[in-house]
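Since every read-out is calculated from the coordinates, none of them should be taken as a lab result. Just so it is clear, the structure is predicted and the values come from calculations on it, not from any experiment. As a convention, Cβ positions derive from the backbone with ideal geometry for all residues, glycine included, and neighbour counts pool all protein chains shown.
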Protein chains: 2
Amino acid sequence: MLLSKSCVYGLRASIYLASKSKEEFISIKEMSGTLDISFHFLTKILQQLTAESLMESYKGPKGGIRLTTKGRDATLLDMVIAIDGPELFTQCALGLPGCGSAAPCPLHESWIDTRASIQGMLERTTLSEIAKEGKQNKFRLMADGSFNWN
Amino acid sequence: MLLSKSCVYGLRASIYLASKSKEEFISIKEMSGTLDISFHFLTKILQQLTAESLMESYKGPKGGIRLTTKGRDATLLDMVIAIDGPELFTQCALGLPGCGSAAPCPLHESWIDTRASIQGMLERTTLSEIAKEGKQNKFRLMADGSFNWN
DNA sequence: TATATTTAAGACAATTAACTCTTAAATAAG
DNA sequence: CTTATTTAAGAGTTAATTGTCTTAAATATA
C-alpha cells in the first residue's frame, strides 16, 4: 500500500474539514460518523496533525477540530509527511541505506522520477483548492459515496 | 513504504539470480548470506515465486533455486504482483472501494497517472536485462555495497 | 456550581507483517 | 545403504499497525 491507513484517514478528514467554514469547529464524532472511521483512531491521527499545527482543537461542548491557516494552505503531501513521515520520499525503492547517485541500485534513477510523480500528485494543490474542486465535481470521500458536500 | 519488505527481498533475490547462469541452482543459504536477508524468511518468499513458476527449485546437495525462462523474461512488476498482490495497481489511493471514473475521489485522475508511472518503472525491462545493466554499471544490491557482480 | 459534551492521553487488544525454528522430504555422494 | 545437504511446510514468535476502551481535562450551558 502506498499510504498507511492512518494516513488515508487523515487525508480524508483533512479534505472534509477543508470543505467546512474557516471558523467552525467540527466535532471528531461527526467526522468519524460521516467518513465511517473509528472515532478513537481518528482522534489519534488528528492529534498528530494538531501537534504540527496543521489543525487546531477546542474542547468542550461546541468543541471540535478545524484547519489552521497553515493547514488550509497545506498540500496533501504535508499531511502525508506529518502522518507517515518523509521516508517514502527519501528512501531507496529497494530499501538499501547506501543507495545514491554515487552507488545506485538498479531502480535508483527511475525511482527518482516515479517518486517525483507521487510527490507531484500530492502537492499539486492546497487543501482549500481540493475542497473547492470537490464541491464542484462532487468527488467521492466515502466507500458508499454517501458523502454530501455542502 | 511503496513495497513490503518481503517484496523488496524478493526483488533483490530475483535480480541476484538473474545475474547467474541459466542452468546453475543457487542455494538459498548463499543468497541469504550474500544479500544479508534472513535465510528462512527468504525461503518463504522464494517459495511463492516458485509456486508461480517464476523460479524453480531443486532439493538436496547441489540443490537451490534458479529463474525459469518465464522468470528471466519477467519484469519486476511480475515479481511485485506475485509477492504483494495487484492491489497497489488496482486500488483507490484513498482506499475507497467504490472509487472509479464514474464517481472519483479527489485523487482519482492523478493517481491513475502516478500509478502508471510506478508500473512503468517496474515493467520497463526484464530481469535478464536488469542483470545485464547491473553487471555493466555495477549497481548496488546490498546496504554496504559489498555485492560483486560476476 | 453542577452537568453534559468534547478533546487529550495512555493503556489495552486485535490483526497483520516480519522473522525464527523444527521436522519432513528429496537427493547427491561416500 | 547411510550420511550430509538442501528445499518444503508449517508452527511459533516478535514487532508494527490498527483499533478499542477508560479516565482526565477543558468548557459551554443551565
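Computed values, structure above
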{"read-out": "Members of segment A:28-79 found to be among the basic types (K, R) and free of Cβ contacts under 8 Å to residues at least 40 places away in the same chain, listed by number", "value": "A:K29, A:K44, A:K59, A:K62, A:K70"}
{"read-out": "Sole residue being more than 7 Å from chain A (Cβ to nearest Cβ), touching a residue at least 12 places away in the same chain (Cβ under 8 Å) and among the hydrophobic types (A, V, I, L, M, F, W, C), chosen from B:C105, B:C92", "value": "B:C92"}
{"read-out": "Selection count, segment A:129-148, where residues are buried (at least 16 other Cβ atoms within 10 Å of the Cβ) and not in a loop (DSSP other than H, G, I, E, B)", "value": "3"}
{"read-out": "Considering residues of segment B:61-75 that are touching a strand residue (DSSP E or B) at 6+ places or on another chain (Cβ under 8 Å) and part of a loop (DSSP other than H, G, I, E, B) only, the residue farthest from the other protein chains (Cβ to nearest Cβ)", "value": "B:G63"}
{"read-out": "Failed condition for B:M1, given (1) part of a loop (DSSP other than H, G, I, E, B); (2) within 18 Å of the chain's Cα centre (by Cα); (3) near DNA strand D (Cβ under 10 Å from one of its atoms); (4) surrounded by 17 or more Cβ atoms within 10 Å (Cβ to Cβ)", "value": "(4)"}
{"read-out": "Failed item in (1) crowded, with 18+ Cβ neighbours inside 10 Å; (2) under 30 Å from A:S19 (Cβ atoms), with B:G98 passing the rest", "value": "(1)"}
{"read-out": "Any hit, segment A:91-114, residues being within 19 Å of the chain's Cα centre (by Cα) and in a helix (DSSP H, G or I)", "value": "no"}
{"read-out": "Residue under evaluation B:M31, criteria (1) within 11 Å of DNA strand D (Cβ to nearest atom); (2) out of contact with any strand residue (DSSP E or B) (no Cβ under 6 Å at 6 or more places or on another chain); (3) more than 24 Å from B:K132 (Cβ to Cβ), criterion not met", "value": "(3)"}
{"read-out": "Which numbered condition B:L49 fails, given (1) within 12 Å of chain A (Cβ to nearest Cβ); (2) surrounded by 17 or more Cβ atoms within 10 Å (Cβ to Cβ)", "value": "(1)"}
{"read-out": "A:L2 within 14 Å of another protein chain (Cβ to nearest Cβ) and touching a residue at least 24 places away in the same chain (Cβ under 8 Å)", "value": "yes"}
{"read-out": "Checklist (1) closer than 18 Å to A:V8 by Cα; (2) surrounded by 12 or more Cβ atoms within 10 Å (Cβ to Cβ); (3) near DNA strand C (Cβ under 6 Å from one of its atoms) applied to A:M55, failing item", "value": "(3)"}
{"read-out": "Among the residues listed as B:I83, B:I65, the single one being of a type outside the set (D, E, K, R) and away from DNA strand C (no atom under 12 Å from the Cβ)", "value": "B:I65"}
{"read-out": "Residue in segment A:10-33 that is farthest from A:N148 (Cα to Cα), counting only those that are away from DNA strand C (no atom under 12 Å from the Cβ) and away from every other protein chain (no Cβ under 14 Å)", "value": "A:E23"}
{"read-out": "Hey, B:K138 within 11 Å of chain A (Cβ to nearest Cβ) and of a type in the set (K, R) or not", "value": "yes"}
{"read-out": "Where A:D78 falls short, out of the listed (1) away from chain B (no Cβ under 14 Å); (2) touching a Leu at 6+ places or on another chain (Cβ under 8 Å); (3) within 16 Å of DNA strand C (Cβ to nearest atom); (4) charged (D, E, K, R)", "value": "(3)"}
{"read-out": "Qualifying positions in segment A:34-51 - touching a Phe, Trp or Tyr at 6+ places or on another chain (Cβ under 8 Å) and assigned to a helix (DSSP H, G or I)", "value": "A:T34, A:L35, A:F41, A:L42, A:I45"}
{"read-out": "Any hit, segment B:94-110, residues being within 15 Å of DNA strand C (Cβ to nearest atom) and farther than 27 Å from A:A103 by Cβ", "value": "yes"}
{"read-out": "Residues being within 16 Å of B:G33 (Cα to Cα), touching a residue at least 40 places away in the same chain (Cβ under 8 Å) and either of a type in the set (S, T, N, Q) or in contact with a Ser or Thr (Cβ under 7 Å, 6 or more places away or on another chain) (or both) - total across segment B:110-149", "value": "2"}
